[in-house]
Amino acid sequence: DVKVTQSSRYLVKRTGEKVFLECVQDMDHENMFWYRQDPGLGLRLIYFSYDVKMKEKGDIPEGYSVSREKKERFSLILESASTNQTSMYLCASTSGDTEAFFGQGTRLTVV
Amino acid sequence: GQSLEQPSEVTAVEGAIVQINCTYQTSGFYGLSWYQQHDGGAPTFLSYNALDGLEETGRFSSFLSRSDSYGYLLLQELQMKDSASYFCLERLGGKLIFGQGTELSVKP
């Protein structure tokens, strides 16, 4: 059974903290993605990676960075968390043009 | 701006047929996918169209017209469990871009 695993289901952090969201996939996929999902705005792409150590900005990269040191792991980093980064974060992976597999999401609250 | 346009919500009754439309950006288009997401859950893949025409998977079908930059998801014999959000998705270069989603409510 294919699997994308996000490290936390729920997370509460304080403003200004550095936050790490981890995503691991066991399908040997080249491509991995980080999205945030907010009511009325759908899923918006933050960053994506098509290979180890490669990263590309998505549509809303400001305030975020990413790390892909190993093929199976893609980390999203909030350098200094702010309340407007309170959201549901979803990780996905895919090997090609068709099906993308998603993790269960991390609901982050910044207080 | 948003490159994929779909209605924000649709309501239908059990047993009915509903169509959810999606118009997409043309440049760099590879194909159109559809995903379902229940409240609190992860999006799950439903179908993919790279070529014009209809793809059928059980009660769900998806259609693509490249000349019109348009596709739709057709859900037949609606059931209460089909109440969810439905997203169209296209690949632009290396990006996977989602529409804003259509919330489907199925009534008894």
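The values are calculated or read from the model by the stated rules, or taken from the named source; none is laboratory data. These numbers were taken from a predicted model, which means no experiment stands behind them. Note: ideal-geometry Cβ built from the backbone for every residue, glycine included; neighbour counts use all protein chains shown. The area values use the complete protein model at the heavy-atom level, side chains included, leaving out ligands, DNA and RNA. Shrake-Rupley method; radii C 1.70, N 1.55, O 1.52, S 1.80 Å.
Of all residues in segment A:36-89, those satisfying the criterion of being of a type in the set (A, V, I, L, M) and touching a Phe, Trp or Tyr at 6+ places or on another chain (Cβ under 8 Å) are A:Leu43, A:Leu45, A:Ile46, A:Val66, A:Leu76, A:Ile77, A:Leu78.
Conditions (1) within 14 Å of chain B (Cβ to nearest Cβ); (2) of a type in the set (A, V, I, L, M, F, W, C), marked per residue:
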{"residue": "A:Asp38", "(1), (2)": "yes, no"}
{"residue": "A:Tyr47", "(1), (2)": "yes, no"}
{"residue": "A:Lys57", "(1), (2)": "yes, no"}
{"residue": "A:Ile60", "(1), (2)": "yes, yes"}
{"residue": "A:Tyr64", "(1), (2)": "no, no"}
{"residue": "A:Thr109", "(1), (2)": "no, no"}
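Do the conditions hold for A:Phe33, that is, is it touching a residue at least 60 places away in the same chain (Cβ under 8 Å), in contact with a strand residue (DSSP E or B) (Cβ under 9 Å, 6 or more places away or on another chain) and at the interface with chain B (Cβ under 9 Å from one of its Cβ atoms)?
Values: touching a residue at least 60 places away in the same chain (Cβ under 8 Å): yes; in contact with a strand residue (DSSP E or B) (Cβ under 9 Å, 6 or more places away or on another chain): yes; at the interface with chain B (Cβ under 9 Å from one of its Cβ atoms): yes.
Criteria met by A:Phe33.
Restricting segment B:51-73 to residues that are crowded, with 16+ Cβ neighbours inside 10 Å and among the aliphatic types (A, V, I, L, M), which is farthest from the other protein chains (Cβ to nearest Cβ)? The extreme case among them is B:Leu73. In summary, strands (runs of 3 or more DSSP E) completely within chain B and bearing 2 or more residues that are aromatic (Phe, Trp, Tyr) occur at B:29-37, B:44-49, B:60-65, B:70-75, B:84-92. Candidates are the residues of segment B:1-39 that are of a type in the set (Gly, Ala, Ser) and open to solvent by 80 Å² or more (accessible area, probe 1.4 Å); the one that is modelled with the lowest pLDDT is B:Gly1.
For the condition open to solvent by 20 Å² or more (accessible area, probe 1.4 Å) and either at pLDDT 95 or above or under 13 Å from the mean Cα position of the chain (by Cα) (or both), A:Gly63 qualifies.
When A:Glu99, A:Glu22 are checked against the criterion of being charged (D, E, K, R), at the interface with chain B (Cβ under 10 Å from one of its Cβ atoms) and more than 18 Å from B:Gly93 (Cβ to Cβ), A:Glu99 stands alone in meeting it.
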